[in-house]
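The values are calculated or read from the model by the stated rules, or taken from the named source; none is laboratory data. As the structure is a computational prediction, the values presented were derived from the model and not from experiment. Because the Cβ atoms are built from the backbone with ideal geometry, glycine has one as well, and the counts that use them run over all protein chains shown. To get the accessible areas, we keep the full protein, side chains included, count just its heavy atoms, and leave off ligands, DNA and RNA. Shrake-Rupley method; radii C 1.70, N 1.55, O 1.52, S 1.80 Å.
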Amino acid sequence: TRPGGPPPELVVVMSKSVNVFLGVAVGCVVGAVTMATLQRSKQAPNVEEVAEVEAAFDRREKLIDGKVVSKTITDELKAKVEDMRADHDCVPGLAVVLVGERPDSAQYVRMKKEKVAEIGFHSVDLNLPDTISQEELIAEVKKLNADPMIHGILVQLPLPEGIDTNEVLKAIAVEKDADGFHALNVGNMWLSGGDPPLAVACTPAGCIELLQRYDITVSGKNCVVLGRSNIVGMPICALLQSMNGTVTCCHSRTKDTAEKCRNADIIIAAVGKAEYVRGDWIKPGAVVIDVGINRVENKDPKEKTKSGKMKKYVMKGDVNFDEVRSR
């Protein structure tokens, strides 16, 4: 990904637990090619053959390790929280509002609560039934606005039918808008110059953090964003554009999405369709970030619960991991 450097590596980021895969299988193939070349020539390989083998190895598959990045950021935040506690005798306070019992939303909230506890934030959890009225929900948000111990408010989306999401988000004080969904924060994010937003949408910010911490260049690259939601798609388009990427946003009305992906240097998938992105959509050297979490019926008997029973459901990303990994 650097000018003058080796051929870019294929980078795939999975939103589920990701592990480092440094191309062991590809390395074995490269080794076999080297041995075959030596046996065929009966002599040391020439410069062109060596260059071909080295290039194949440099194009090896690689995964960004999200767990390692998360651990690094967590440790950094822990230290900052301790400094704040020592210097000001206070810690950041975060309120998380969950309406209803959607499995994907509940999983997101559990992850947030665990991380908040690990870092050392003051935490308030507000779990409300999906029968709550819009007026009642806004009233709860206003109570959190007035709480001096709360510095950030997250309302987990999507909200149940019958509740106007925009009206609820507008009710959050802009200085407590931890998700970056307030119109003022969104507007400042899109503007070139001017005041920066007080907060940026969490998932898009996480995608950019991964790209930056792995030193992946965005400037001048063709970037395809799959999905145009206010939660992921639109903010990530703005952030990539601010980094001088050339951005294409694909959605339900886009024609020939696969072909647009084949020309992309960076793909970020956020469509909410399990294994939507296929392996033959990805060109060699592309960077793929999958932020999808989809609950699907489990058909693999190897997927079992801790008690040994076959899982009824499993979580899948928007990218067909096995196919893309082999590209």
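Residues in the range 271-286 that are open to solvent by less than 80 Å² (accessible area, probe 1.4 Å) and in a helix (DSSP H, G or I): Gly279, Trp281. Residue count for the range 232-247, restricted to those that are open to solvent by less than 20 Å² (accessible area, probe 1.4 Å), touching a strand residue (DSSP E or B) at 6+ places or on another chain (Cβ under 8 Å) and part of a helix (DSSP H, G or I): 4. For the range 181-189, the condition holds for no residue, the condition being that it is surrounded by fewer than 17 Cβ atoms within 10 Å (Cβ to Cβ), closer than 22 Å to Asp104 by Cβ and within 20 Å of the chain's Cα centre (by Cα). Return yes or no: is Glu114 open to solvent by 70 Å² or more (accessible area, probe 1.4 Å), over 22 Å from Thr72 (Cα atoms) and not aliphatic (A, V, I, L, M)? In short, no.
Can you give me the number of residues within the range 60-97 that are modelled with pLDDT of 90 or more and either of a type in the set (Asp, Glu) or open to solvent by 20 Å² or more (accessible area, probe 1.4 Å) (or both)? It would help to see each step written out before you state the result.
Start the filter on the range 60-97 by keeping residues that are modelled with pLDDT of 90 or more, which leaves 68-97.
Subset that is either of a type in the set (Asp, Glu) or open to solvent by 20 Å² or more (accessible area, probe 1.4 Å) (or both): 68, 70-73, 75-80, 82-92, 94.
Of the residues in that region, 23 qualify.
Residues in the range 287-317 that are open to solvent by 60 Å² or more (accessible area, probe 1.4 Å), among the charged types (D, E, K, R) and not in a loop (DSSP other than H, G, I, E, B): Arg295, Glu297, Lys304, Lys316.
Annotation: of all residues in the range 132-163 being in contact (Cβ under 8 Å) with a residue 24 or more places away in the chain and open to solvent by 70 Å² or more (accessible area, probe 1.4 Å), the one that is farthest from Asp89 (Cα to Cα) is Gly162.
In this structure, is Val109 touching a strand residue (DSSP E or B) at 6+ places or on another chain (Cβ under 6 Å), assigned to a helix (DSSP H, G or I) and either surrounded by 15 or more Cβ atoms within 10 Å (Cβ to Cβ) or at pLDDT below 95 (or both)?
Working: touching a strand residue (DSSP E or B) at 6+ places or on another chain (Cβ under 6 Å): yes; assigned to a helix (DSSP H, G or I): yes; either surrounded by 15 or more Cβ atoms within 10 Å (Cβ to Cβ) or at pLDDT below 95 (or both): yes.
Judged against the criteria, Val109 is a match.
Can you find, within the range 318-327, the residue that is nearest to Ala264 (Cα to Cα) among those that are assigned to a helix (DSSP H, G or I) and open to solvent by less than 70 Å² (accessible area, probe 1.4 Å)? Full working, then the answer.
Narrowing the range 318-327 to residues assigned to a helix (DSSP H, G or I): 321-325.
Checking which are open to solvent by less than 70 Å² (accessible area, probe 1.4 Å) leaves us with 321, 323-324.
Numbers: Phe321: 17, Glu323: 17, Val324: 14 Å.
Among those that are assigned to a helix (DSSP H, G or I) and open to solvent by less than 70 Å² (accessible area, probe 1.4 Å), it is Val324.
Residue by residue, here is whether (1) farther than 29 Å from Asp164 by Cβ; (2) in a strand (DSSP E or B) holds:
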residue: Val218; (1), (2): yes, no
residue: Cys223; (1), (2): yes, yes
residue: Asn230; (1), (2): no, no
residue: Ser252; (1), (2): no, no
residue: Ala258; (1), (2): yes, no
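Here is a list: Gly245, Gly220, Gly193, Gly227. Which entry is out of contact with any Leu (no Cβ under 6 Å at 6 or more places or on another chain), at pLDDT below 95 and farther than 30 Å from Ala139 by Cβ?
Checking each option against the conditions leaves just Gly193.
Tell me which residues, restricted to the range 164-180, are assigned to a loop (DSSP other than H, G, I, E, B), open to solvent by 30 Å² or more (accessible area, probe 1.4 Å) and not small (Gly, Ala, Ser). I'd like the intermediate steps shown before the answer.
If we filter the range 164-180 for residues that are assigned to a loop (DSSP other than H, G, I, E, B), which is where we start, we get 164, 172-173, 178-180.
Applying the additional criterion that residues be open to solvent by 30 Å² or more (accessible area, probe 1.4 Å) yields 164, 178.
If the condition is that a residue be assigned to a loop (DSSP other than H, G, I, E, B), open to solvent by 30 Å² or more (accessible area, probe 1.4 Å) and not small (Gly, Ala, Ser), then Asp164 is the only one that fits.
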